[in-house]
Amino acid sequence: MAHLFDPFESRRLQLRNRIVMSPMCQYSAPEDGTVTEWHLVHYGARAVGGVGLVMLEMTQVAPNGRLSPADLGIWDDAQIPGLRRLADFVHSQGAPIGVQLGHAGRKADPVFDAVGPSAIAFSDHYRVPLALDTKGIATVIDQFAQGAHRALEAGFDMVELHGAHGYLLHQFLSPISNRRDDGYGGDLSGRMRLLLEVADAVRNVLPQDMPVWARLSMLEAGAPGGYPLEDTLEAARRLHAHGIDLIDCTTGGNAPVTEPEFPGFRLPLSAAVKAAGVPAMPVGHMDYPQLADAAISSGQADLVALARGLLRNPHWALAAQQALHVEPTPPIQYRRAYR
Ligand SMILES: Cc1cc2nc3c(=O)[nH]c(=O)nc-3n(C[C@H](O)[C@H](O)[C@H](O)COP(=O)(O)O)c2cc1C
């Protein structure tokens, strides 16, 4: 029996199945970072297509945290109405909606003033970031908290902290980019301090029953000087103790290296997080119905996140129901296609 379509709960969040739309930047916002018709159609289509949770792309908590001038933003109250419109439509299709709160740090587009843990550029393409002082760090923490509060105001159901792919929170966690000798650097406790303080600040502004997840690069994909899995498992445990409900397991991004990818390649990472007592979701080539279902059925994952598979087919969840011999649940308008 398939388990991919079992419901799932995370605090008050109730998902109709275990399929999560992974955050994907669309680079389709005007300079003010507001939602456009593109976002409405793009996210709306995946809600129509039956995913359990629509997760908005990395949405920046600060204007200088943008990867590109066309990123979505959540740094200004003027961005709330567009986000609310998106949330309302996604809700009307039976899916909750979350937002991935991000700050690119040293990977900000070179047109912006980049900040980071230390004055080390990611590559020649990027600026050397300004190493944040304690006041700058407090500002970043506040920006994340304010972003979370705006998500709540816009009617979002949960938030995810982007602690992966070489962006600011990951930059602090990784010895590759963090060479600080104050309380925000050095050993693992120092390097994960910003992540934990952001988690605390975000939890503080949100209702107790609203979930907060975090995406972590569990491994640094073979980059020289990167942290080992034990570090991220410890980070996962401590984040969980600070009220982070689930770890979204990815890899890499903080050094210009590539890693081999294949179906299910991050499943051992979510299994390891689960073995550490923390709910987990793998991402990366999980868009094969039998594989996705086996990930859940075998207990190696609580949820699966899909990105490119959902770009290719917004109705992937409905197709997976057919592939797994589960009664398809299309919206009423599309029922004739599934008789
Ligand atoms: C167009 C595109 C944009 C992406 N943007 C984000 C993002 O905003 N935040 C993030 O954490 N990952 C982002 N990713 C990575 C995906 O969320 C996902 O981790 C990755 O594509 C692997 O999953 P897949 O094999 O299902 O595509 C992006 C991927 C794609 C294809």
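Residues in segment 117-134 that are surrounded by fewer than 16 Cβ atoms within 10 Å (Cβ to Cβ) and of a type in the set (S, T, N, Q): Ser123, Thr134. Restricting Leu53, Leu40 to those that are under 21 Å from Val202 (Cα atoms) and either out of contact with any Cys (no Cβ under 8 Å at 6 or more places or on another chain) or at pLDDT 95 or above (or both) reduces the list to Leu53. Among the residues of segment 12-58, write down those that are of a type outside the set (Gly, Ala, Ser), more than 25 Å from Asp302 (Cβ to Cβ) and crowded, with 24+ Cβ neighbours inside 10 Å. The one that is of a type outside the set (Gly, Ala, Ser), more than 25 Å from Asp302 (Cβ to Cβ) and crowded, with 24+ Cβ neighbours inside 10 Å: Val35. Among residues of segment 178-200 that are touching a residue at least 60 places away in the same chain (Cβ under 8 Å), none has a beta-carbon under 6 Å from a residue that is loosely packed, with under 14 Cβ neighbours inside 10 Å and part of a loop (DSSP other than H, G, I, E, B) at least six positions away or on a different chain. In segment 289-306, the residue that is farthest from Ala223 (Cα to Cα) out of those that are within 12 Å of the ligand (Cβ to nearest atom) and in contact (Cβ under 8 Å) with a residue 40 or more places away in the chain is Ala292. Screening the candidates Gly186, Gly190 for the property of being closer than 20 Å to Glu230 by Cα and in a loop (DSSP other than H, G, I, E, B) yields one hit, Gly186.
Among the residues in segment 274-288, are any within 15 Å of the ligand (Cβ to nearest atom), over 24 Å from Ile137 (Cβ atoms) and of a type in the set (Lys, Arg)? No, segment 274-288 has no match at all. When Thr258, Thr232, Thr250 are checked against the criterion of being without any contact (Cβ under 8 Å) to a residue 60 or more places away in the chain, among the β-branched types (Val, Ile, Thr) and in contact with a helix residue (DSSP H, G or I) (Cβ under 9 Å, 6 or more places away or on another chain), Thr232 stands alone in meeting it.
As a summary of the residue check, Gln146 satisfies the conditions (1) assigned to a helix (DSSP H, G or I); (2) farther than 28 Å from Leu53 by Cα; (3) not aliphatic (A, V, I, L, M) except for the one numbered (2). The residues of segment 209-241 that are among the charged types (D, E, K, R) and within 21 Å of Ala148 (Cα to Cα), listed by number, are Asp209, Arg215, Arg238.
Looking at Asp88, Asp6, just one residue is more than 16 Å from the ligand (Cβ to nearest atom), surrounded by fewer than 24 Cβ atoms within 10 Å (Cβ to Cβ) and assigned to a loop (DSSP other than H, G, I, E, B), and that residue is Asp6. Scanning segment 131-159 for residues that are charged (D, E, K, R) and without any contact (Cβ under 8 Å) to a residue 40 or more places away in the chain, we see that the one that is nearest to Gly183 (Cα to Cα) is Asp133. Of Leu72, Leu40, all but one fail to be within 16 Å of the ligand (Cβ to nearest atom) and of a type outside the set (Phe, Trp, Tyr); the exception is Leu72. Can you confirm whether segment 174-194 contains a residue that is within 19 Å of the chain's Cα centre (by Cα) and of a type in the set (Phe, Trp, Tyr)? No. Consider segment 310-339 and keep the residues that are β-branched (Val, Ile, Thr) and touching a Leu at 6+ places or on another chain (Cβ under 9 Å). The one that is surrounded by the most Cβ atoms within 10 Å (Cβ to Cβ) is Val326. Of the residues making up segment 166-183, not a single one is outside any helix (DSSP H, G or I), touching a Leu at 6+ places or on another chain (Cβ under 7 Å), modelled with pLDDT of 95 or more and surrounded by fewer than 24 Cβ atoms within 10 Å (Cβ to Cβ).
Taken over segment 135-165, the residue count meeting the criterion of being surrounded by fewer than 23 Cβ atoms within 10 Å (Cβ to Cβ) and within 13 Å of the ligand (Cβ to nearest atom) is 1. Would you call Gly309 within 25 Å of Leu67 (Cβ to Cβ), out of contact with any helix residue (DSSP H, G or I) (no Cβ under 9 Å at 6 or more places or on another chain) and within 13 Å of the ligand (Cβ to nearest atom)? No.
The values are calculated or read from the model by the stated rules, or taken from the named source; none is laboratory data. Just so it is clear, the model here is predicted, and its values are computed rather than measured. Backbone-built Cβ (ideal geometry, glycine too); neighbour counts: all protein chains shown.
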